[in-house]
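Student: I have a structure I would like to understand better, so I am pasting it below and will then ask my questions one at a time.
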Amino acid sequence: MDITADVAAICASEYQFVKLTDSIVERSKMLLERHPLRGYDAVQLGSALSASDVLQASGSPALTFLVADNRLLDAAQAEGLAVDNPNDYS
């Protein structure tokens, strides 16, 4: 069993990757001005917000932002995303 191939197959079928674009970088900068986030957290949230915009425009179900970091969770909620914290289930 090749675990690398298994992980690649799962990623291809279960996840959608978001390409980092200039607009996501700009949105991330704006998020840094509005919330006490680390740089990569702002990029993660900016990417999620962009993905959420695409989902809403296509009539797809809303994105739920899964996050265990409280600062990032608070920022995502403030930006209007539905959130879920896996630590709430342990």
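Student: Somewhere in the range 26-47, is a residue in contact with a Ser or Thr (Cβ under 9 Å, 6 or more places away or on another chain) and among the basic types (K, R)?
Tutor: Yes.
Student: Can you pull out the helices (runs of 4 or more DSSP H) entirely within the chain that have at least 1 residues that are exposed (fewer than 10 other Cβ atoms within 10 Å of the Cβ), of a type in the set (A, V, I, L, M) and out of contact with any Asp or Glu (no Cβ under 8 Å at 6 or more places or on another chain)? Step through it out loud before you land on a result.
Tutor: Numbers: elements: 3-14, 22-34, 39-58, 70-78.
Helices (runs of 4 or more DSSP H) meeting the threshold: 3-14, 39-58.
Student: Out of the residues in the range 36-65 that are farther than 15 Å from V83 by Cα and β-branched (V, I, T), which is nearest to the chain's Cα centre (by Cα)?
Tutor: V43
No value in this document is a laboratory result; all are computed from the given coordinates. Predicted, not measured: the structure shown is a model, and the values here were computed from it. Neighbour counts run over all protein chains shown; Cβ positions are idealised from the backbone, glycine included.
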